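The structure under discussion appears below in the form of structure tokens.
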Amino acid sequence: MSETIVRQDLFISRTKGYYTYRIPGIVATKEGTLLAYCEARLGRGGDWDPIDICMRRSFDDGHIWTDPKVVVDHLDFEENEPTNNFVCIVDRINNTVHTLFCQNYARVFTSKSSDDGQSFTAPREITHYFESLREHYPWRVIAIGPGHGIQLSTGRLLASLWMSDGTGTEFGPNRLGHRPSEVGVVYSDDHGETWECSGIVVPNKGPIRNPSESCLAELPDGRVILNTRSESYQHRRLVSLSDDHGTTWSNPEFDDQLLEPICMASMVSDNESHSQDLIFANPGVLERSFQKNASDNKTLLTKKGIPYDRKQLTVRQSKDMGDSWAHSRVLESGPSGYSDLAVLGDDIFCLYECGMNERMYDTKSLRLARFNRDWILATGSMG
């Protein structure tokens, strides 16, 4: 098989009445339909501005896509509050797509689709299932994922979450902060009817600073791997493992091979192939060049635990369950941030934030890249 890659923009900023589109997610259903979804942001595109959830579908391996459709309207809740962190989980046992999402970073809802994302049931609030986490952490801000959740070989549905006590001041007065933060996992053994939390998996203590957005995958030996963003001075991704299907977890450790510019990352188990490789994507360098002036850049370079540029999105492949990442390739050399990965047949899909308008977090588009395994393995520059 020769290496191939195709790119197309699925959501473009300043179109369809939205300021920008951010926080991408993508899944492949049991029937082979691709669902690409994101936050469609109004206002100035901030985390606390009004936010809808939009989705597009493809029935031909990502070549042609339906028009964007609003699947969660913020006006169905409080008018000026966001809906956020929409996560899909494909249930291959009963051919259902479950969703988890949050409203105003305070309430958690679920819905489901039995027709490959054509329609979804009315949102059902499940915030009470997360109250048990208050025994471990006094959260006032909560968010699922983002990206996608997973179904284990046992049938269990699994998604990551992060929480904050809201005391951070990064959003100014009258807004709850997203820092400090800690990470947990939520799971369901009855196809999304009820949910349980596994407690605090990645705490905010010691060398670990403000862990947040995490991605999950099931390994070939049945263990589950959690890969976590943080603002730790090491600027490396955190990894925790579970050998009981996500109920309990090992102490998180830094992976020296995976750089952490402080940005959401994505991961997927390539279970379509016999090797069941692990594929990972995030901005792959620690550089600061997108600063307003040289003096700002000089000051930033002396600090630890603050964001590097979101650029040079890099896809990595592991053939030994994440112990090493021998193969990598740059997918997007310019500004590129949040991403999500899916596998369908011989193709791997990455939906990612691409380009920037006026500032780093003002994304120009959500771009879809479709490539095969040989593309990752090929040497050389970006294809």
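The values are calculated or read from the model by the stated rules, or taken from the named source; none is laboratory data. Quick caveat: nothing in here was measured; it's all calculated off a predicted structure. For neighbour counting, all protein chains shown are included, and Cβ atoms are generated from backbone atoms with ideal geometry for every residue, glycine included. Quick note on the areas: whole protein, heavy atoms, side chains included, nothing else; ligands and nucleic acids left out. Shrake-Rupley method; radii C 1.70, N 1.55, O 1.52, S 1.80 Å.
Worth pointing out:
- Residues that are part of a strand (DSSP E or B) and under 22 Å from Met264 (Cβ atoms), drawn from the range 6-25: Arg7, Gln8, Asp9, Leu10, Phe11, Ile12, Thr20, Tyr21, Arg22, Ile23, Pro24, Gly25
- The requirement of being farther than 23 Å from Gln257 by Cβ, surrounded by fewer than 19 Cβ atoms within 10 Å (Cβ to Cβ), in contact (Cβ under 8 Å) with a residue 12 or more places away in the chain and not aliphatic (A, V, I, L, M) is fulfilled somewhere in the range 329-345, by at least one residue.
- Checking each residue in the range 205-237 for being touching a Phe, Trp or Tyr at 6+ places or on another chain (Cβ under 6 Å) and either surrounded by fewer than 17 Cβ atoms within 10 Å (Cβ to Cβ) or within 21 Å of Asp323 (Cβ to Cβ) (or both) picks out Gln234, Arg236.
- Breaking point among (1) over 16 Å from Val268 (Cα atoms); (2) touching a Leu at 6+ places or on another chain (Cβ under 7 Å), for Leu368: (1)
- All conditions in (1) under 25 Å from Ser339 (Cα atoms); (2) open to solvent by less than 60 Å² (accessible area, probe 1.4 Å) hold for Gly166, with the sole exception of (1).
- Set side by side, the residues Ser198, Ser266 differ, and just one is within 23 Å of Leu152 (Cα to Cα) and at pLDDT 95 or above, which is Ser266.
- Screening the range 33-81 for residues that are assigned to a helix (DSSP H, G or I) and open to solvent by 50 Å² or more (accessible area, probe 1.4 Å) and picking the one that is nearest to Ser365 (Cα to Cα) gives Leu75.
- Among residues that are of a type in the set (S, T, N, Q) and surrounded by 17 or more Cβ atoms within 10 Å (Cβ to Cβ), Thr110 is included.
- You will find that of Gly155, Gly117, the residue that is farther than 28 Å from Tyr352 by Cβ, surrounded by 14 or more Cβ atoms within 10 Å (Cβ to Cβ) and modelled with pLDDT of 95 or more is Gly155 and no other.
- The residues of the range 192-243 that are within 30 Å of Phe120 (Cβ to Cβ), assigned to a strand (DSSP E or B), within 18 Å of the chain's Cα centre (by Cα) and of a type outside the set (A, V, I, L, M, F, W, C), listed by number, are Ser214, Glu218, Asn227, Thr228.
- Residue that is assigned to a helix (DSSP H, G or I) and either without any contact (Cβ under 8 Å) to a residue 24 or more places away in the chain or closer than 21 Å to Met264 by Cβ (or both), where the choices are Glu170, Glu131: Glu131
- Of all residues making up the range 138-151, the number that are crowded, with 19+ Cβ neighbours inside 10 Å and in a loop (DSSP other than H, G, I, E, B): 5
- Residue check: Ile376 meets all listed conditions (1) farther than 22 Å from Ile23 by Cα; (2) among the aliphatic types (A, V, I, L, M); (3) touching a Ser or Thr at 6+ places or on another chain (Cβ under 6 Å) but one, namely (3).
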